[in-house]
Amino acid sequence: MHIVYHLGAHGTDEERLIRCLLKNRALLADQGIAVPAPTRYRRLLRDTAVQLRGAKASPESEQLILEQILEEDRPERLVLSWDSFLSFPQWALRKRLYEFAGERLLAFTRIFPSASAEFCLGLRNPATLLPVLFEKQKEPRDYAAFIGETDPESLLWSDVIARIRALNPDIPMTIWCDEDTPLIWPEVLQAVAGHAPGTPLSDTDELLSLIMSPEGFARMQARLASQPPASTAGARQVVSTFLAEFAVPEKLEMQFSLPGWDQARVSAMSQSYHEDLGRIAAMPGVTLLRP
């Protein structure tokens, strides 16, 4: 069995990915792909990882956990999705971003030692990620307590991924940028679910419906239905064209205010993020999906 861990991160797809796959679970099940409801495994995996304290589960324990997660026979591929696999929001920032992500993922994979694994992760520009993490604090804290000794301009996703890879060197990773998802959503869904190319998934347009005008979205759907693109690149071009004309600007722009932040800081962090993507793309064992 192969287990795909969709890691989020916080503030990226906001459960849209798992909702889409759940709506298509019967179709995916026909291909040996199981997509259980998150309520069946999130707390269970968290509690089990704590109990194991880094040790591997016994065959008996592994089977017991799977029986609680699965409603069907043992699948070829199991998709688990949780944006707190890396960390709960209140602990995501400790001088570095997702400081203990490698240790946490190692602990989760050791619940299923007989299975192969794969990590899938959507990235978000730290300049917009930090405001999201600040808002998601379980217990409200002021900005000074939240940021602590962290230098926001030093935060790099490549550091997070390097720490994950150091402790999980044999587990491949598929990465994408949340900012790119409107253009590559079908590829993201396929990377996580692993369904056969050409599988007609339903309800795959939720994200586009949220950022386009109703008129533009309807026209795009009609265009894709009447003239189906011959390739992924062709479909991406159609979506890109309609987004350019019908995207709702306020749905694409994130407005926020953090103490001491100005446009110069946001620009510097954004530039660093885009440069960091080059380092990530060159990492062994990492696949970066790009438009």
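Each value in this text was obtained by applying a stated rule to the coordinates, not by laboratory testing. Predicted model only: the values in this text are computed from it and were never measured. For neighbour counting, all protein chains shown are included, and Cβ atoms are generated from backbone atoms with ideal geometry for every residue, glycine included.
Counted over the chain, the DSSP beta bridges are approximately 10% antiparallel.
In this structure the amide hydrogen of L78, modeled in the peptide plane, comes within under 5 Å of the amide hydrogens of H2, I3, V4, A34, none closer than 5 places in sequence on its chain.
A cut-off of 5 Å between modelled amide H atoms, ignoring neighbours fewer than 5 places along the same chain, links F85 with no other residue. Bridges between two residues of the range 1-117, per DSSP, are antiparallel at a rate of about 20%. Report note on the peptides 1-11, 190-200: ranked by the mean count of other C-beta atoms within 10 Å, highest first, their order is 1-11, 190-200.
Residue pairs exceeding 29 angstrom between C-alpha atoms, taken from K56/K136; K95/K138; K95/K136: K56/K136.
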